[in-house]
1. Dividing the convex hull volume of the Cα atoms of segment 53-150 by its residue count, what figure in Å³ per residue is obtained?
2. How large is the charge dipole for segment 1-113, taken about the Cα centre, if only the Cβ atoms of Lys, Arg (+1) and Asp, Glu (-1) carry charge, to the nearest 20 debye?
3. What FRET efficiency would be calculated for the residue pair Gln151, Ala219, taking the C-beta separation as r and a Förster radius of 41 Å, to the nearest 0.05?
4. Taking +1 at the Cβ of each Lys and Arg and -1 at the Cβ of each Asp and Glu, which of Ser55, Val224, Pro239 sits farthest along the dipole of the chain towards its positive end, judged by Cα position relative to the Cα centre?
5. Direction-averaged shadow area of the convex hull around the Cα atoms of the chain, nm²?
6. Mind listing the long-range amide H neighbours of Ile56? Cut-off is under 5 Å, sequence gap 5 or more, other chains count too, H placed in the peptide plane at 1.01 Å from N.
7. When the Karplus curve 6.51 cos²θ - 1.76 cosθ + 1.60 is applied with θ = phi - 60°, which whole-Hz ³J(HN,Hα) does each residue of segment 85-98 get, with x for Gly and Pro?
8. Find, among the GluC sites (Glu not before Pro) in segment 50-149, those assigned to loop by DSSP (not H, G, I, E, B) with at most 10 other beta-carbon atoms within 10 angstrom.
Amino acid sequence: MNKLFKSKVISNEALTEEIYLISLEISDDVETKPGQFCILRVNQRLDPLLGRPFSIFEHEKGEIKFLYRLKGKGTNILTKLKKGDSITLTGPFGRWYPFPEGDFIVIAGGIGLASVYYLIKKFPQRAYLFYGVRNEKEILFYEELKRLSKQLYISTEKETSYAYKGVITELFREKSIQLPFPIYACGPMMMLKELKKIVNENRPCYVATEERMACGVGACLGCVIKTREDFKRVCTEGPVFELKELVL
Ligand SMILES: Cc1cc2nc3c(=O)[nH]c(=O)nc-3n(C[C@H](O)[C@H](O)[C@H](O)COP(=O)(O)OP(=O)(O)OC[C@H]3O[C@@H](n4cnc5c(N)ncnc54)[C@H](O)[C@@H]3O)c2cc1C
Ligand code: FES
């Protein structure tokens with residue numbers, strides 16, 4: 001059941017020039033699941049009027065975290081919030097990732113890590129994590145990811161001592177035959193399109209999509225995505241879909 005919360009900022013930290021981690025207070029009775037998102041109303045004033053959707057990065061009793069990339073007006077306001085500032089959030093919204101029964105594969109492209117980290121943390125030592133970033137500076141939470149995942153593969157545009165040079169889908173293509181597990185992925189549309197070429201339709205593959213949103217509750221049709229059957233609303237019928245359902 002989603003609710004509206006008047007919250008306070010616990011911390012809001014720049015991890016890179018563009019990527020931030022914000023931690024907010026939340027009442028103890030809220031239940032969330034990996035893959036769900038909340039809408040943050042970044043400003044108490046009218047501009048911007050609409051809240052901004054962010055995946056739940058981590059949630060423990062009384063505290064919820066969001067990892068976000070600075071994009072435009074809304075996220076710029078978000079970066080300015082300090083400890084103790086007020087913020088309104090609604091949520092949790094959306095379909096979550098089905099829980100994996102055994103080992104699983106996670107593919108995270110850039111800020112897509114925000115959507116899958118909670119899943120990796122909930123099922124430690126079970127994820128083969130493929131994490132692709134543009135450059136070494138954008139590799140986030142390296143030690144935690146190494147500890148939480150069964151195996152960590154990283155790709156960047158330049159080769160480093162621990163990263164493969166190239167895009168993460170290439171690295172996944174090389175390894176995928178040896179890893180016959182369900183796949184969970186979040187990343188840019190290009191990455192999802194590449195995955196669609198690689199992944200056999202018989203293999204479970206769940207992806208989180210990030211369309212633009214307005215109401216967040218299924219009323220405005222501002223977030224529709226094309227599927228094999230029909231157009232679906234990312235806010236209520238997603239954001240997690242089976243990859244084979246989507247027309248990308
Ligand atoms: C379900 C869901 C979960 C999301 N989770 C996260 C998350 O965990 N971390 C995170 O950093 N971002 C996430 N996003 C994207 C995030 O909502 C947008 O980046 C944010 O709303 C941009 O707001 P803005 O006011 O700063 O940018 P705007 O001023 O609205 O736009 C600035 C630029 O960002 C682009 N943009 C706006 N919205 C989106 C979007 N939804 N997807 C891609 N590009 C967009 C615009 O095309 C424009 O170029 C998520 C989106 C959805 C729908
Ligand atoms: S954001 Fe309004 S229907 Fe999805």
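The values are calculated or read from the model by the stated rules, or taken from the named source; none is laboratory data. Keep in mind that what you see is a predicted model, and the values were worked out from it rather than measured. Neighbour counts run over all protein chains shown; Cβ positions are idealised from the backbone, glycine included. Heads up: the accessible areas ignore ligands, DNA and RNA and are worked out on the full protein's heavy atoms, side chains in. Shrake-Rupley method; radii C 1.70, N 1.55, O 1.52, S 1.80 Å.
1. Values: hull volume 12.9 nm³, N = 98.
Given the Cα convex hull of segment 53-150, per-residue volume reads 131 Å³.
2. Details: 16 positive and 14 negative charges, 129 e Å.
Computed about the Cα centre, the dipole is about 620 debye.
3. Numbers: r = 43 Å, r/R0 = 1.04.
E(calc), rounded to 0.05, equals 0.45.
4. Working it through, the farthest residue towards the positive pole turns out to be Val224.
5. Details: hull surface 52.1 nm².
Orientation-averaged projected area of the Cα hull: 13.0 nm².
6. Long-range HN contacts for Ile56: Gly35, Gln36, Phe37, Cys38.
7. For segment 85-98, the Karplus-derived couplings read 5, 8, 8, 9, 10, 10, x, x, 10, x, 7, 8, 6, x Hz, x marking Gly and Pro.
8. Working: sites: Glu58, Glu60, Glu63, Glu101, Glu136, Glu138, Glu143, Glu144; in loops: Glu101.
Answer by residue number: Glu101.
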